[in-house]
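Just so you know, all these numbers are worked out from the coordinates, no wet-lab data involved. This is a predicted model, so every value here is computed, not measured. Counting neighbours? That spans all protein chains shown, and the Cβs are built from the backbone with ideal geometry, glycine included.
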Amino acid sequence: MSTFYAPPIITFLVSLNLEKESFIRTTATMYFLASIPLYSSLIYHGLGNFYDLLISLVVTPPALLGQYFGTKIRMRLSNEIFRKTILSILIIIGFSLLIKNL
């Protein structure tokens, strides 16, 4: 549920044909801004609690490590390969959603 807005945002940004660094910065900013009302709403409706905060703190270091290695890999990719990779991931997500709903 926390990333239900991800595929539309990514699809839109891919269609703009942004350079990979602009794509990453814009995606990160949009996710951050979209998460504020999402998490506020979850807390307001009683769906977030202290246990969720603890889990988030535990998984933050692995996420930062993954971000570090992802940045290293991204620096080695050309813009075209990066774009094709993003499109491939979107196709996989689409097929996954289709299969789950059949």
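Using θ = phi - 60° in the Karplus curve 6.51 cos²θ - 1.76 cosθ + 1.60, the 3J(HN,Hα) couplings for the range 25-31 round to 4, 5, 4, 4, 5, 5, 4 Hz; x is entered for Gly and Pro. A DSSP coil position with no more than 14 other Cβ atoms inside 10 Å describes the following chymotrypsin sites (Phe, Trp or Tyr not before Pro) in the range 1-98: F4, Y5.
Extension gain for T85-I73 works out to 3.1 nm (0.36 nm per residue, less the C-alpha to C-alpha distance). A straight Cα-to-Cα reach below 29 Å connects K20 with the lysines K72, K84, residues fewer than 8 places away in its own chain not being considered.
According to the square roots a ≥ b ≥ c of the eigenvalues of the Cα gyration tensor, what is the shape class of the range 1-75, taking rounded for a/c under 1.5, prolate for a/b larger than b/c otherwise, and oblate for the remainder?
Values: a/c = 3.36, a/b = 1.43, b/c = 2.36.
The shape class here is oblate.
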